[in-house]
Amino acid sequence: MAAPARPAPARPPSVAERAVAAYLGMAVGDALGATVEFMTPREIAAQYRVHDQIRGGGWLNLRAGQVTDDTTMALALGGAILGHGRVLAQPVAEAFDAWMRAKPVDIGNTVRRGLLHFRKNGAVEVPVSQHDAGNGAAMRVLPVALATLGEPEEVVRLACRTQAHITHNNPLSDAATECLALMVRDALAGADKVRLLHERAHPLARLHPEFTFRAVRQQANPSGYVGDTLVAVFQAFFDTDDFEFCLIDVVNRGGDADTTGAIAGMLAGAVYGPEAIPPRWLDALDPGVRRACAEQAAALVRLT
């Protein structure tokens with residue numbers, strides 16, 4: 001099946017336009033993937049043949065266009081950053097705690113434990129854990145990438161860890177979260193996928209072989225383990241040349257599909273720009289979420 005032809009943009013997208021596309025791409029991928037979360041590829045194929053529509057449902061029984069914790073935690077993080085002009089652990093922890101008190105539609109176990117730890121002890125960093133290499137810190141990192149544009153790389157990495165360690169304090173989780181933020185930042189500045197592959201993805205895999213995604217079997221049914229997540233995302237992102245095909249590829253692998261969809265969507269949005277996001281997906285997205293994502297992306301870029 002060929003990707004639908006779309007007219008080439010008259011000019012390359014601006015940084016601000018790519019930032020909005022990354023944010024909307026994250027929300028679209030979340031809403032698309034949530035329908036098939038925890039399903040296997042075989043189950044998805046039997047029910048939908050190819051899942052390529054935002055239709056809601058799934059184990060959370062969502063409305064069509066509704067998003068999950070991937071997007072809503074990112075919005076909570078972005079709000080805290082905008083409120084203080086930078087990434088500070090205390091305001092971010094308070095924003096996450098308020099988000100949990102509002103009874104979100106979904107919340108990961110590691111996130112819940114981390115926020116209960118903050119609520120009980122006031123600690124903005126959970127202890128280091130070799131067993132909590134989940135994807136919860138990576139899925140929400142986009143606001144950090146936007147708020148640190150132009151900053152030295154170590155500043156970006158520190159900001160990533162500041163928000164991550166409220167719930168996830170694990171070397172693999174840190175590495176994935178930092179890599180994604182830097183990839184988004186590079187893409188907003190115009191880096192293509194070849195550069196992202198050789199300057200970010202491959203060095204990450206050399207440092208942490210758990211993220212090796214070339215010369216390995218397709219990662220199907222990826223779990224919430226961040227190694228599974230990034231392998232699936234990188235395979236879909238680097239082996240397709242279109243926003244739509246990238247997201248269809250990754251969510252039809254099933255597993256933690258709302259998170260793989262959200263992460264692939266933020267990367268693909270940053271690389272391909274707003275014109276690449278299928279209008280049918282944008283139209284199906286919850287209007288309030290769509291507006292909040294676009295407004296927050298623009299505001300975060302203005303901080304830099």
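Below is a table of values for the structure above.
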{"quantity": "Residue in the stretch 19-55 that is nearest to the chain's Cα centre (by Cα), counting only those that are buried (at least 18 other Cβ atoms within 10 Å of the Cβ) and among the acidic types (Asp, Glu)", "calculated": "ASP30"}
{"quantity": "Qualifying residue in the stretch 101-111 (condition: aliphatic (A, V, I, L, M) and free of Cβ contacts under 8 Å to residues at least 24 places away in the same chain)", "calculated": "yes"}
{"quantity": "Candidates LEU158, LEU172, LEU149 - the one that is free of Cβ contacts under 8 Å to residues at least 24 places away in the same chain and not acidic (Asp, Glu)", "calculated": "LEU158"}
{"quantity": "The stretch 182-209: number of residues that are touching a Ser or Thr at 6+ places or on another chain (Cβ under 8 Å) and touching a residue at least 40 places away in the same chain (Cβ under 8 Å)", "calculated": "1"}
{"quantity": "The stretch 221-239: number of residues that are within 18 Å of HIS202 (Cβ to Cβ) and either among the polar types (S, T, N, Q) or touching a residue at least 60 places away in the same chain (Cβ under 8 Å) (or both)", "calculated": "5"}
{"quantity": "Spans of helices (runs of 4 or more DSSP H) in the stretch 243-300 with at least 3 residues buried (at least 22 other Cβ atoms within 10 Å of the Cβ)", "calculated": "243-251, 257-272"}
{"quantity": "Cβ-Cβ under 6 Å pairs, at least 6 apart or on other chains, the stretch 266-286 side under 11 Å from LEU24 (Cα atoms), far side aliphatic (A, V, I, L, M) and assigned to a loop (DSSP other than H, G, I, E, B)", "calculated": "TRP281/ILE54"}
{"quantity": "The stretch 56-88, subset touching a residue at least 24 places away in the same chain (Cβ under 8 Å) and farther than 20 Å from LEU285 by Cβ, residue surrounded by the fewest Cβ atoms within 10 Å (Cβ to Cβ)", "calculated": "GLY85"}
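Rundown of residues vs (1) crowded, with 23+ Cβ neighbours inside 10 Å; (2) under 16 Å from the mean Cα position of the chain (by Cα); (3) not in a loop (DSSP other than H, G, I, E, B), yes/no style:
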position: THR162; (1), (2), (3): no, no, yes
position: GLU178; (1), (2), (3): yes, yes, yes
position: HIS198; (1), (2), (3): no, no, yes
position: ARG214; (1), (2), (3): no, no, no
position: ALA220; (1), (2), (3): no, no, no
position: GLY227; (1), (2), (3): no, yes, yes
position: LEU230; (1), (2), (3): yes, yes, yes
position: VAL233; (1), (2), (3): yes, yes, yes
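Every number here is computed from the coordinates shown, using simple stated rules; none is lab data. Keep in mind that this is a model prediction, so the values were computed, not measured. A quick note on method: Cβ atoms are made from the backbone with ideal geometry, for glycine too, and the neighbour counts reach across all protein chains shown.
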